[in-house]
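Written below as structure tokens is the structure these notes are about.
The values are calculated or read from the model by the stated rules, or taken from the named source; none is laboratory data. These figures come from a predicted structure and were not determined experimentally. Here Cβ is always computed from backbone atoms with ideal geometry, including for glycine, and neighbour counts include all displayed protein chains. SASA here: full protein model, heavy atoms, side chains in, ligands and nucleic acids out. Shrake-Rupley method; radii C 1.70, N 1.55, O 1.52, S 1.80 Å.
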Amino acid sequence: MMFPQSRHSASSQQLKFTTSDSCDRIKDEFQFLQAQYHSLKLECDKLASEKSEMQRHYIMYYEMSYGLNIEMHKQAEIVKRLNGICAQVLPYLSQEHQQQVLAAIERAKQVTPPEMNSIIRQQLQAHQLSQLQGLALPMTPLPLGLSQPTLPVTTSSGLFSLSSLLASQAQLAKEEKASRDGVDSHREEDGDKSD
């Protein structure tokens, strides 16, 4: 009878040993899974912030694209109206002047991509220079032989500058129109008074 009791106690010790081992293994696996969950959660948070940043950029680029599209249609309409004015005025010119004006109009229609790049670059530099002058930086004349340093224009800064340039041009156009409307209304009032 002693033998079965010692056997029972040995098996219970073995059972305790395997139970504590199992608990330790479960605990280790749980800690590993918890660490993995934590790293995945951090990655998920990072991806969520990147997604919101990308959405913000998308909205910004969409607004810029929409603004540029509107500006392009506006410029196309202006060109169409100016072309109509030229066509109306052209018959009143002498034959020699008509030929010169027609040649000038044809030259104006032949804008090459390098010319466009040059025009855009000049507008961007002028805009950036006006921004620098707006910061009240002293503009000292450069010694003979030195040129004005140009600001680096990357694609993204070029787009931002172009959009702000277009916005400032639109604002100037509005102000100009408002001042013209004010002058026209004063002329009308003066005409009413003289009657």
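For the range 54-106, what does the accessible surface come to per residue with a 1.4 Å probe? Please give it in Å². Could you put the intermediate results ahead of the total?
Values: 4470 Å² over 53 residues.
About 84 Å² of surface per residue is accessible.
Heavy atoms only, probe 1.4 Å: what % of the accessible area of the range 26-96 goes to carbon and sulfur, would you let me know? Let's see the in-between values first.
Values: 4210 of 6490 Å².
Its accessible area is 65 percent carbon and sulfur atoms.
Rounded to the nearest 0.05, the FRET efficiency derived from the C-beta distance between Y66 and E115 at R0 = 30 Å is 0.70.
Placing +1 on each Lys and Arg Cβ and -1 on each Asp and Glu Cβ, with no other charges, gives the range 21-102 a dipole about its Cα centre of roughly 480 debye.
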